[in-house]
Amino acid sequence: MAYLVICCGFYIVLGWDMFWVASRFTNEWKSLTPPVVYIIEYVLAFALGLSVGVMLAWQLHLISGGETSVESHDNARYVKVASQRGTEFVNSFDLGWKKTWCCFLISVGQDSEYSSWTLFLPVRCSPYTDGWSWARRPGMSRHSGINDEDELTDED
């Protein structure tokens, strides 16, 4: 997502002068591509960059909280259920934004086999988990503030 937003941003910034010339529909347009096609491309790049940028910002926010979009929905329900009981819901996967980002980016850095430059390149890095087990808060094997019957997910 980030690469698409960056590329759309470059297209918008670097293509502004051509967009301005194309939108005047004068004889200044020297390209073989019709001006209306360029205008449509420019508007699409803006719309895609904006919409995917908003989705990227939301996903980065969720990563900071140690949640996926589904878990965000579930956890909102758990907070409501726990508050009705007079308890507080504690997400066992919320390690704090700094620790969560360290886990998210664990594949790179000084203690890793990958260089920090791999963050900026589209290369495959092995994750720190097997995909089924995830880091939890110390001493917590499950969420607190809710009962087993309140869980929205299966035992798997």
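Table for the structure above
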read-out	value
Inter-label distance, nm, simple model (7 Å from Cα along the C-beta direction), ILE40/GLU28	2.4 nm
Radius 14 Å from Cβ of ILE63, net charge of other residues (Lys, Arg +1; Asp, Glu -1)	-1
Extension gain (nm, one decimal) between ARG142 and TYR128, 0.36 nm per residue minus Cα-Cα	3.0 nm
Helical segments meeting 20 Å axial Cα length and Kyte-Doolittle -1.0 threshold in the chain (DSSP H)	35-64
Residues SER69 and ILE6, FRET efficiency given R0 of 25 Å [Cβ-Cβ distance, rounded to 0.05]	0.65
Chain lengthening between GLU151 and LEU50 when straightened (0.36 nm per residue, less Cα-Cα)	32.8 nm
Stokes-Einstein D in µm²/s, Kirkwood radius over Cα pairs - the chain at 20 °C with 1.002 mPa s viscosity	109 µm²/s
Shape call, the range 1-64: gyration tensor on alpha carbons, a/c limit 1.5	prolate
Extension gain from TRP58 to PHE104, taking 0.36 nm per residue of separation minus the Cα-Cα distance	15.0 nm
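Coordinate-derived values only; no laboratory data. This structure is a prediction, so every number in the text was calculated from the model and none was measured. Using ideal geometry, Cβ is built from the backbone for each residue, glycine included, and neighbour counts are taken over all protein chains shown.
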